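Chemist: Structure incoming, see below.
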Amino acid sequence: MPDSSTIIADAAAIAALVQVGECIEHVAHYTREEISRFAMLTLDTNPVHHDREAAQRAGLCDVIASGQQTSALMSGLAASYFSRDDGVARSMLCLHFNFAYREPIFAGADVTMRWVVSSTEWNASLDGVIAQLEGKALVGNALAVIARGTVLVRRAS
């Protein structure tokens, strides 16, 4: 069983790197051209990402972003945030991300992406903090994507 000085040191190390309740937020505007370009870069030739008429034939009002576009942006948002240097240089490794797609994201939408740190735990063998994240992407008030993530945050060397 760890002694109280170890527990205090672990708590201080965690607090210096990442804290429960930290919130990361970013708003992205999805243009028709960016949706199509991203889909092509990821080898997604589904016409609902490229052709408005094809999207309409599929029952959609316009082209929609591929799910991986929002997933990639949200993953990048977390990676940038947890590898920042704000006086404490950090490095971050993604251990796990999971995304559930609730609503399509149409061309022209402003998408608010948000991550909140829900828990932290010091991992001595990895010499860093395992942080659990809860995420979502909203279009207006509509929940488009639900996400969960696990990241390892360490002091950069």
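The values are calculated or read from the model by the stated rules, or taken from the named source; none is laboratory data. Keep in mind the model is a prediction, meaning the values are calculated, not measured. Every residue, glycine as well, gets a Cβ built from its backbone with ideal geometry; the counts of neighbours run over all protein chains shown. Only protein heavy atoms, including side chains, enter the accessible area calculation; ligands, DNA and RNA are left aside. Shrake-Rupley method; radii C 1.70, N 1.55, O 1.52, S 1.80 Å.
Chemist: Suppose we filter Val63, Val20, Val88 for residues that are touching a residue at least 40 places away in the same chain (Cβ under 8 Å) and touching a His at 6+ places or on another chain (Cβ under 7 Å); which single one remains?
Modeler: Of Val63, Val20, Val88, the one residue that is touching a residue at least 40 places away in the same chain (Cβ under 8 Å) and touching a His at 6+ places or on another chain (Cβ under 7 Å) is Val63.
Chemist: For the structure I just gave you, tell me whether Gly108 is closer than 17 Å to Ala72 by Cα and not hydrophobic (A, V, I, L, M, F, W, C).
Modeler: no
Chemist: I'd like to know if the range 103-122 contains one or more residues that are in contact with a His (Cβ under 7 Å, 6 or more places away or on another chain) and modelled with pLDDT of 95 or more.
Modeler: The answer is yes, given that some residue of the range 103-122 is in contact with a His (Cβ under 7 Å, 6 or more places away or on another chain) and modelled with pLDDT of 95 or more.
Chemist: Sticking with this structure for a sec: Given Ser157, Ser66, Ser71, Ser75, which one is open to solvent by 40 Å² or more (accessible area, probe 1.4 Å) and of a type in the set (S, T, N, Q)?
Modeler: Result: Ser157 is the single residue among Ser157, Ser66, Ser71, Ser75 that is open to solvent by 40 Å² or more (accessible area, probe 1.4 Å) and of a type in the set (S, T, N, Q).
Chemist: What are the residues in the range 48-63 that are in a helix (DSSP H, G or I) and surrounded by fewer than 16 Cβ atoms within 10 Å (Cβ to Cβ), if any?
Modeler: Arg52, Glu53, Ala54, Gln56, Arg57
Chemist: Need the failing condition index for Glu103 against (1) assigned to a loop (DSSP other than H, G, I, E, B); (2) of a type outside the set (Val, Ile, Thr); (3) farther than 14 Å from Val139 by Cα, just the number.
Modeler: Result: Glu103 fails condition (3) only.
Chemist: In the range 138-154, what residues are open to solvent by less than 60 Å² (accessible area, probe 1.4 Å) and touching a helix residue (DSSP H, G or I) at 6+ places or on another chain (Cβ under 8 Å)?
Modeler: Answer for the range 138-154, where residues must be open to solvent by less than 60 Å² (accessible area, probe 1.4 Å) and touching a helix residue (DSSP H, G or I) at 6+ places or on another chain (Cβ under 8 Å): Ala144, Val145, Ala147, Gly149, Val151, Val153.
Chemist: Could you check how many residues of the range 78-100 are in contact with a Ser or Thr (Cβ under 9 Å, 6 or more places away or on another chain), outside any strand (DSSP E or B) and either of a type in the set (S, T, N, Q) or surrounded by fewer than 14 Cβ atoms within 10 Å (Cβ to Cβ) (or both)?
Modeler: Summing the residues that are in contact with a Ser or Thr (Cβ under 9 Å, 6 or more places away or on another chain), outside any strand (DSSP E or B) and either of a type in the set (S, T, N, Q) or surrounded by fewer than 14 Cβ atoms within 10 Å (Cβ to Cβ) (or both) in the range 78-100 gives 1.
Chemist: Still on this model: What's the number of the only condition in (1) over 30 Å from Ser157 (Cβ atoms); (2) without any contact (Cβ under 8 Å) to a residue 60 or more places away in the chain that Thr31 fails to meet?
Modeler: (2)
Chemist: Restricting to the range 102-137, count the residues that are over 12 Å from the mean Cα position of the chain (by Cα) and either more than 14 Å from Ala65 (Cα to Cα) or surrounded by fewer than 17 Cβ atoms within 10 Å (Cβ to Cβ) (or both).
Modeler: Residues flagged as over 12 Å from the mean Cα position of the chain (by Cα) and either more than 14 Å from Ala65 (Cα to Cα) or surrounded by fewer than 17 Cβ atoms within 10 Å (Cβ to Cβ) (or both) within the range 102-137 amount to 18.
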